[in-house]
Amino acid sequence: LTKKETKIILPLLLSSLCLFSLGLAFSYYVLIPAALNFFLNYSDEVIEPLWSFDQYFEFILVLFYSTGLAFQIPIIQILLGLLNFISAKQMLAAWRYVILVSTIIGAVLTPSTDPLTQLLLSLAILMLYFSGVGILFLIKN
C-alpha cells in the first residue's frame, strides 16, 4: 500500500475493529438482558419457556453478529464520503428516511419480537449514523 492508502485504511480498520467490539459489548450488556427478560417474563403463567442450548446459542450468536455488523455504519459512511459517492450534507438531509430504515433494521436484526430490544437497536443505529455524519463532516472540512 502507498502511504496515502495506509493513512486512510489503517484508521478505518482500527475503527472498524473497535466499533465491532462496541457492538458486541452493547449486545451483551444491553440487548441480550432485555431480550431474555422479555422472553422469560412474557406470559410466563401461560407458557413455560423451554430453551435448548442450541436455540439459546443461536439466539446469542445472531444478536452478536447483527449488532456487530450494525455498528459498522459509520465506517461505511466514511468510506462512501471519502470516495465522493455521497456528502455529509446529503446524508444529513435524508434523516427522515434514516429513522424509518433504522426502525426496520432494528426489527429485522433482532431475533426477538419484543419492542424494547428493537427500539434499543434502532436508537443505537441512529446514534451511529449521526456520529458517522459528524465524523465525515469533520474529515472533509
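The values are calculated or read from the model by the stated rules, or taken from the named source; none is laboratory data. Owing to the predicted nature of the structure, the values given are computational and were not obtained by experimental measurement. Quick reminder, even Gly has a Cβ in these numbers, built from the backbone with ideal geometry, and neighbours come from all protein chains shown.
Overview of values
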quantity: Odd one out for Ala35 among (1) at pLDDT 85 or above; (2) crowded, with 18+ Cβ neighbours inside 10 Å; calculated: (1)
quantity: Pick from the range 65-88, criterion free of Cβ contacts under 8 Å to residues at least 40 places away in the same chain and more than 16 Å from Leu17 (Cα to Cα), ranking: surrounded by the most Cβ atoms within 10 Å (Cβ to Cβ); calculated: Leu80
quantity: Elements of type helices (runs of 4 or more DSSP H) contained in the range 66-141, each with 3 or more residues being of a type in the set (Phe, Trp, Tyr); calculated: 115-140
quantity: Scope the range 99-123; condition at pLDDT 90 or above and crowded, with 19+ Cβ neighbours inside 10 Å; matching residues; calculated: Ser102, Ser122
